[in-house]
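No value in this document is a laboratory result; all are computed from the given coordinates. This is a predicted model, so every value here is computed, not measured. With ideal geometry, Cβ positions are generated from the backbone for all residues, glycine too; neighbour counts draw on all protein chains shown.
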Amino acid sequence: MPKVLIVDDSPAQLYSLKRIVEKGGLETVTADSAEMAFRIASMEHPSVILMDIVMPGMSGYQATRKLSRDASTCDIPVIFVTSKSDESDKVWGMRQGARDYITKPVNAAHLLTVIRDAMAA
């Protein structure tokens, strides 16, 4: 079963995204920091990573750059799921190596479509 790594420092957001993804028939694993996400991605090699941007310590931008430059994780698609809705944030996120960019609050059907598209690419 495809596995989705969900990265967010908010327990409420982690829970909400986890429910959406699991109702879509996908397995999940969660991380509450970018540092933890990198460790999990290296060990578990998920099919997709849903990444928040604003987190303490390493930001989602920094984590995505690190993931895209590491040989063991560079092929895992990253989708930003964030409250940052400015066009400049989206452009910067895509430049960091993200496959897609979704703003919160998320539409469940759209999120699942984006995840499946990223896995198929």
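Taken as a whole, the structure leaves Arg65 outside the set of residues that are within 10 Å of the chain's Cα centre (by Cα) and surrounded by fewer than 21 Cβ atoms within 10 Å (Cβ to Cβ). Screening the candidates Ala71, Ala63, Ala118 for the property of being among the small types (Gly, Ala, Ser) and assigned to a loop (DSSP other than H, G, I, E, B) yields one hit, Ala71. Scanning region 1-24 for residues that are closer than 17 Å to Ala118 by Cα and either touching a Pro at 6+ places or on another chain (Cβ under 7 Å) or assigned to a loop (DSSP other than H, G, I, E, B) (or both) turns up Met1, Pro2, Lys3, Val4, Leu5, Gly24.
Looking at region 1-43, which of its residues are of a type in the set (S, T, N, Q) and in contact with a Ser or Thr (Cβ under 6 Å, 6 or more places away or on another chain)?
The initial filter retains those residues of region 1-43 that are of a type in the set (S, T, N, Q), namely 10, 13, 16, 28, 30, 33, 42.
Once the filter is applied, which keeps residues that are of a type in the set (S, T, N, Q) and in contact with a Ser or Thr (Cβ under 6 Å, 6 or more places away or on another chain), region 1-43 yields only Ser42.
For region 25-41, filtering for residues that are part of a loop (DSSP other than H, G, I, E, B) and surrounded by 17 or more Cβ atoms within 10 Å (Cβ to Cβ) leaves 3. When you look at Leu17, is it among the hydrophobic types (A, V, I, L, M, F, W, C) and under 19 Å from Ala120 (Cβ atoms), yes or no? Considered against the rule, which asks whether it is among the hydrophobic types (A, V, I, L, M, F, W, C) and under 19 Å from Ala120 (Cβ atoms), Leu17 comes out as no.
Once region 75-97 is narrowed to residues that are closer than 15 Å to Val4 by Cα and in a loop (DSSP other than H, G, I, E, B), the residue that is farthest from the chain's Cα centre (by Cα) is Asp75.
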